[in-house]
Structure formats: structure tokens, C-alpha cells
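Novice: One structure coming up, written as C-alpha cells, with questions to follow.
The values are calculated or read from the model by the stated rules, or taken from the named source; none is laboratory data. Nothing here was measured: the structure is a model prediction, and the numbers come from that model. We place every Cβ from the backbone using ideal geometry, glycine too, and count neighbours over all the protein chains shown.
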Amino acid sequence: MPWEIIAGIAVGILLPYAVLLLMLWLYARRNPETATLKDALRLLPDLLRLVRRLAADRTLAVGIRVRLVLLLAYLLSPIDLVPDFVPVIGYADDAVIVALVLRSVIKRAGAEAVRRHWPGTAAGLDIILKAASPVQRRR
């Protein structure tokens, strides 16, 4: 009987994780133009400063700032949803999570908040806004 409970818990944890991995892999394959790993690494210092500045902006709603603090904690944590050594999706999970959080920030606070706090170049801001924009359906 205890092995059934353990198996149920394992399936309950591993199945959603496998679905998440599949979704990240599909997203990375369907949207290679969002931002390349090279772009992401080049923008990382500016992106971290942006997230920190947005999180410290008291004019933004508390919910937005909490999301940004959690994003910073996730990015700085050595534990990832997908280990970075896994090909293709190892770094894609970080990029997808950043894009999703920034998309929610832009949806609630507006792109102007991101522009106001962006510390980098205009080209870098364009990449960030493109990565955080809603995915266009292909026809």
C-alpha cells in the first residue's frame, strides 16, 4: 500500500514537470527569433538591473513587484526548473520565465515602465520588448 502512495506522489510531481519540459522545448523550437542565447547572455547584466529597478519602483503595484522579486530570486538561485546542461531547453527555461514575467509586467504596468528603467541600449530594449510581446499566431 505505501508504494502506491509513493508512486502517486512521484507521478504527481514528474508528470507536470515532463509537461513543462515539453512546453519549454516546443516554445524554444517555435520561437527561435525571440532572443538567441548570445543575445540573452549579452543582455543579462542590463536585464538584471532592469528587474531590480522595476522591483524597487514604488509606483508599481505590489503584485508586480513581488513577481519581479521572485524572478530575481529564481535567476540568482543555483536551482533551475531545467538544469542548464540540458541541450536547447537548459537555458530556454530561464529566457521563457523572464519573458513571461516581463510580459505580465508590461500588461499591467505598460511598456513605458520598462522603457523608463531600462539601463542598456535602444537595441537591447527592442530585444527585451520583442521577447516579452505576446506570441503572434502563425497562419
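Novice: Among the residues of region 74-93 satisfying the criterion of being surrounded by 21 or more Cβ atoms within 10 Å (Cβ to Cβ) and not β-branched (Val, Ile, Thr), which is modelled with the lowest pLDDT?
Specialist: Among those that are surrounded by 21 or more Cβ atoms within 10 Å (Cβ to Cβ) and not β-branched (Val, Ile, Thr), it is ALA92.
Novice: Additional query: Is it the case, given these coordinates, that ARG65 is surrounded by fewer than 15 Cβ atoms within 10 Å (Cβ to Cβ) and either over 15 Å from the mean Cα position of the chain (by Cα) or of a type outside the set (Asp, Glu) (or both)?
Specialist: Judged against the criteria, ARG65 is not a match.
Novice: Which is free of Cβ contacts under 8 Å to residues at least 60 places away in the same chain and in contact with a helix residue (DSSP H, G or I) (Cβ under 6 Å, 6 or more places away or on another chain), of ARG116, ARG67?
Specialist: ARG67
Novice: Could you say which residue among VAL101, VAL96, VAL11, VAL51 is among the β-branched types (Val, Ile, Thr), surrounded by fewer than 18 Cβ atoms within 10 Å (Cβ to Cβ) and either in a helix (DSSP H, G or I) or modelled with pLDDT under 75 (or both)?
Specialist: VAL11
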